[in-house]
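So the structure is just underneath, and the comments pick up after that.
The values are calculated or read from the model by the stated rules, or taken from the named source; none is laboratory data. Everything numeric here is computed off the predicted structure, so don't read it as measured data. Cβ coordinates were reconstructed from backbone atoms using ideal geometry, including for glycine residues, and neighbour counts include every protein chain displayed. The accessibility values were calculated without ligands, DNA or RNA, using every heavy atom of the protein model including side chains. Shrake-Rupley method; radii C 1.70, N 1.55, O 1.52, S 1.80 Å.
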Amino acid sequence: MKLQQLRYIVEVVNHNLNVSATAESLYTSQPGISKQVRMLEDELGVQIFGRSGKHLTHVTSAGREIIQISREILSKVESIKSVSREHTLPDQGKLNIATTHTQARYALPPVIKGFMQKYPKVSLHMLQGTPSQISDAAAKGEADFAIATEALHLYNDLIMLPCYHWNRSVVVTRDHPLAKKKQITLEDVAQHSIVTYVFGFTGRSELDSAFSKAGLEPKIVFTATDADVIKTYVRMGVGVGVIATMAVDARNDTDLVAIDASHLFKPSTTKIGFRKGTFLRHYMYDFIERFAPHLTRDIVDKAIALKNADDIDALFKDFKLPVK
């Protein structure tokens, strides 16, 4: 059994069982990958992939277990390399972050600016996507950190640490009837067409839950993953917008009125996560603390030592997280 063979089967899964695409991404030949996969299966005495002719069709039940362990082994190998780099090149490396547009546009810029000033030799890359894309990137090792709010059940394989709570605002044009109200109700919002986030994205579930509990049916006419897109359609008169309060830009949104909706919807919690077994370099600890100051190295290490997500949640039970 070779590490190369384990890397091949993992990458084949990452490329949806497309051996040609896998070979291209690894700069090798398709026959070479197929041969090594067969050799590994022969050595183990089980099929990792089901086949129809020359094509891979599915991952077998044994294959799923083997691939999961292979991911863990390859992650450990990367951790060994990271330990080495921590001692030989302490201020050099890379950091890949997967997150949503709202986090990338409104929460992360000052954090990243300070981080890059302190670590100019660390290459930082950001992937924006949906919750499933973010979790997938982290699971595949394409992202060191996943920063997300919604669909946290997708991140069961990660250590997820709470960063902050955030509330929502209703945004309308200045001539809109709601702009004249000092405080709004769910009934007020339900009377108008609504422009908001795509379902399963950026805390959308709390919005749906609030309307459902009140026995109201929201008239959601347009959804998007990007708060800036939502505001564009509010300006066009498509409907009232419901977005994260942090996405209201005091300088660029002067033509809109933002109405506090924290009393209408439960706050959402943004978390930062990383794969179990990851060796965190010192600049990675620093990034976490810059994003969430209460997540000091000592606290992060305590969370890593815990067995499951419930224990981690218990660790932060008495923490007063900041609200944005």
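Overview of results
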| item | result |
| --- | --- |
| Inter-probe distance in nm under a simple model that places probes 7 Å from Cα toward Cβ, at Ile69 and Gln92 | 3.7 nm |
| Segment Ser84-Lys35, extension gain: residue separation times 0.36 nm, minus the distance between their alpha carbons | 14.4 nm |
| Kirkwood hydrodynamic radius (C-alpha pairs) into Stokes-Einstein, the range 73-162, 10 °C and 1.306 mPa s, D in µm²/s | 112 µm²/s |
| The range 1-140: translational diffusion in µm²/s, Stokes-Einstein, Kirkwood Rh over Cα pairs, 10 °C, 1.306 mPa s | 91 µm²/s |
| Hull-based mean projected area of the chain, where the convex hull spans the alpha carbons, in square nanometres | 20.2 nm² |
| Those trypsin sites (Lys or Arg not before Pro) in the range 229-273 that DSSP places in a loop and that have at most 13 other beta carbons within 10 Å | Arg251 |
| Given Lys81/Lys307; Lys276/Lys302; Lys271/Lys317; Lys113/Lys276; Lys140/Lys320, the pairs whose alpha carbons are separated by over 23 Å | Lys81/Lys307; Lys113/Lys276; Lys140/Lys320 |
| Simple label model, 7 Å out from Cα along Cβ direction - His55 to Ala21, nm | 1.4 nm |
| Per residue solvent-accessible surface (Å²) - the range 28-72, probe of 1.4 Å | 63 Å² |
| Paramagnetic reach from Ala190 in the range 205-231 [backbone N under 17 Å; point 7 Å along Cα→Cβ] | 206-221 |
| Among Ala224, Ala258, Ala21, residue whose mean-square fluctuation peaks in a GNM of the chain (springs only between Cα atoms under 10 Å) | Ala21 |
| Rg [Å, one decimal], Dmax [Å, integer] - the range 188-324, C-alpha atoms | 18.5, 51 |
| Candidate lysines - alpha carbon under 22 Å from Lys181, same-chain residues fewer than 8 apart omitted | Lys219, Lys231, Lys266 |
| Computed helical MRE - 222 nm, the chain, DSSP H runs ≥ 4 contributing -39500 (n - 2.57), nearest 500 | -12500 deg cm²/dmol |
| Most fluctuating residue given options Thr99, Thr225, Thr28, as computed from a GNM of the chain linking Cα atoms under 10 Å | Thr28 |
